[in-house]
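Beneath this line is the structure, given in structure tokens, with notes to follow.
The values are calculated or read from the model by the stated rules, or taken from the named source; none is laboratory data. Nothing here was measured: the structure is a model prediction, and the numbers come from that model. Every residue, glycine as well, gets a Cβ built from its backbone with ideal geometry; the counts of neighbours run over all protein chains shown. Side chains are part of the model used for accessible areas, which takes the heavy atoms of the whole protein and leaves out ligands, DNA and RNA. Shrake-Rupley method; radii C 1.70, N 1.55, O 1.52, S 1.80 Å.
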Amino acid sequence: MLLKRKIYSKLLDWKEECHGTKALLIEGARRIGKSTICEEFGKNEYASHLIIDFAKKDEAVREYFKQHINDLDTFFMLLGTHYGVKLIKRDTLIIFDEVQKYPEAREAIKYLVADGRYDYIETGSLISIKENVEDIVIPSEERSMKMYPLDFEEFAWALGEGQLVDYIKSCFDKKEALERSLHNKAMLLFKQYMLVGGMPKPVVLFIESGKNFAPADKEKRDILNLYRNDIMKIKSQYRSKVLAIFDQIPGLLSKHEKRVVFKDIQEGSYSDQYSEAFFWLDDSMICNECFLTNDPQVGLSINEERTYVKCYMGDTGLLLSHAFDENELLEDEVYSQILNDKLSLNKGMLYENAISQMLTANGHKLYFYTHYSREKHRNDIEIDFIISNNSKMKYRMYPLEVKSGKRYSTTSLDRFIEKYRSRIGGSYVIHPRNLTVKEDVVCIPPYMTICL
């Protein structure tokens, strides 16, 4: 089953705009479908395509790069013969898959693009880890693009609900509630998205099995094991710290504050000791980091405080399988309880993680905000997420509060609006109910996060 992905249109834009003057580097976590979409793009948009998978460690191909990169006629002749592909000038796509496994190929992009005969796409994960770049010159003839798991809209397309998504967007634009039965249908779709997630193979298995969660869960556990194996291969000086954070993500997100308290990970530890570990998790795109912004009215990244961080899983379906063992999920009917709104313990964790995933897929960097009251000796304002319009001239920010239950207060949000009103472009509560507008606040169901 081939899944429709939004990144395909971006690949078309790259081909049209660059005309072979820049290679495209697609970064993303393992198993999100980078290779699949590139192969499909090569089949559809070029007369021929060739995939070099550097994870296979084909010594003959590596030797071509070492011996013949300065003689491109010979280099291309050997490549075409090795793979049995006819290379056609200006109509062949060459894909360097898992290019981080052979950084010398990435460095060669400079010469290959300058030659101008063919187009090049590189795919990989852990692209920026220093052991993957320390001995090479990063080519300037490279455009970078990030790829994520399926977002909610792509998940809806896969389940044949594209028309429902169009209706959701229309209602958001008009600030109107969905018709009740369609709201219920959209909420059920969103819950399925939380439970299955957006990793392509689990989504396909869920659909092909007639919406059976068990095959998808088995595949998600295989992916989590793959991630754990990747962690075990990294340098020993920060391997244990990466593993500690990875293992504790469900526990961290099940707490009220959700931010990482470093002494809880290991007694006596502090944030600076974990900088490399967080860089690895962020670069691998296994996790989405959310940093404190301590003065949001003058810009989010300008006042980023990296010692205060929340660490969300890049895919909420993986988080669910990470949080529960296989027997708990199936025997205790966790899936059924979540679908029927009867599991309160971890639902807030899943909701907030799903919102972080949807915002990240929309291109937002994640920030949160807290304000400590000396009088009350506690935080009196806590905002789950703040996004911005990224404008330098007319900067506006948009606070978001995530509420997994139908009963809640907006005290923090009200105080935040009062404090920063002049810089706020709009305020949102994301809750399970239908869309409503209450004075300064638009309350939207979680599936409408795709519209932000």
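Write down the Å³ per residue value for the convex hull defined by the alpha carbon atoms of the stretch 59-201. Don't skip to the end; give the middle numbers.
On the way: hull volume 26.7 nm³, N = 143.
Dividing the Cα hull volume of the stretch 59-201 by its residues yields 187 Å³.
Order 183-189, 171-177 from most to least packed using the mean count of other Cβ atoms within 10 Å. Mind dumping the intermediate values first?
Working: 183-189: 17.1, 171-177: 14.3.
Peptide ranking by packing, descending: 183-189, 171-177.
How large is the accessible surface per residue of the stretch 13-55, computed with a 1.4 Å probe and reported in Å² as a whole number? Don't skip to the end; give the middle numbers.
On the way: 1750 Å² over 43 residues.
I get 41 Å² per residue for this part.
Mind checking which aspartates and glutamates have their Cα closer than 17 Å to the Cα of Lys86? Skip sequence neighbours fewer than 8 apart in that chain.
Glu39, Glu45, Asp73, Asp119
Counting only protein heavy atoms and using a 1.4 Å probe, what share of the accessible area of the stretch 15-90 belongs to carbon plus sulfur, as a whole percent?
Details: 1850 of 4030 Å².
Solvent-exposed carbon and sulfur of the stretch 15-90 make up 46 percent of the total.
Compare the peptides 71-80, 100-109, 226-235 by average per-residue count of other Cβ atoms within 10 angstrom and give them in order, highest first. Mind showing how you got there, number by number?
Working: 71-80: 15.9, 100-109: 19.7, 226-235: 14.1.
Sorting 71-80, 100-109, 226-235 by mean packing, highest first, produces 100-109, 71-80, 226-235.
222 nm [θ] for the chain, helices only, -39500 (n - 2.57) per DSSP H run of 4+, per residue, to 500? Intermediate values should be presented prior to the final figure.
Details: 18 runs with 201 residues, N = 452.
For the chain, the value works out to -13500 deg cm²/dmol.
What percent of all Cα-Cα pairs in the stretch 347-452 falls into each 10 Å bin, going from 0 up to the bin containing the maximum distance?
Going from the shortest bin to the longest, the percentages are 14, 48, 33, 5.
Taking the Cα centre of the chain as origin and charging only Cβ (+1 Lys, Arg; -1 Asp, Glu), how large is the dipole, in debye to the nearest 20?
Working: 64 positive and 69 negative charges, 227 e Å.
Around 1080 debye, computed over the chain.
Measure off, as a whole percent, the carbon and sulfur share of the 1.4 Å-probe accessible area of the stretch 139-229, all protein chains present.
Values: 1860 of 3840 Å².
Accessible surface attributable to carbon and sulfur in the stretch 139-229 totals 48 percent.
If you restrict to DSSP beta bridges whose two residues both lie in the chain, what percentage is antiparallel, to the nearest 5?
Numbers: 20 of 50 bridges.
In the chain, DSSP labels about 40 percent of beta bridges as antiparallel.
When every alpha-carbon pair in the chain is counted, what percent end up more than 37 Å apart?
For the chain, the fraction of Cα-Cα distances above 37 Å is 30 percent.
Output wanted: per-residue J couplings in Hz (rounded whole) for the stretch 415-421, from phi through Karplus 6.51 cos²θ - 1.76 cosθ + 1.60, θ = phi - 60°, x for Gly and Pro.
For the stretch 415-421, the Karplus curve yields 5, 5, 4, 4, 6, 10, 3 Hz.
Based on the inverse mean of 1/r over its pairs of different Cα atoms, what is the Kirkwood hydrodynamic radius of the stretch 162-267, in Å? Mind dumping the intermediate values first?
Working: mean 1/r = 0.0581 Å⁻¹.
The Cα-based Kirkwood calculation yields 17.2 Å.
What ranking, highest mean first, results for peptides 149-159, 206-216 when packing means the other Cβ atoms within 10 Å averaged over each residue?
The densest-packed peptide leads the list: 149-159, 206-216.
Antiparallel DSSP bridges in the stretch 318-452: what percent, to the nearest 5?
Details: 12 of 20 bridges.
Of all bridge pairs located within the stretch 318-452, approximately 60 percent are antiparallel.
Please tell me the relative contact order of the stretch 400-452 in percent, rounded to the nearest whole number, where contacts are Cα pairs under 8 Å and at least six residues apart.
Numbers: 63 pairs, mean separation 17.3, N = 53.
Value for the stretch 400-452: 33 percent.
Tell me the relative contact order for the chain as a rounded percent, counting alpha carbon contacts under 8 Å between residues six or more apart. Could the numbers behind the result be given before it?
Numbers: 708 pairs, mean separation 61.5, N = 452.
Contact order relative to length: 14 percent.
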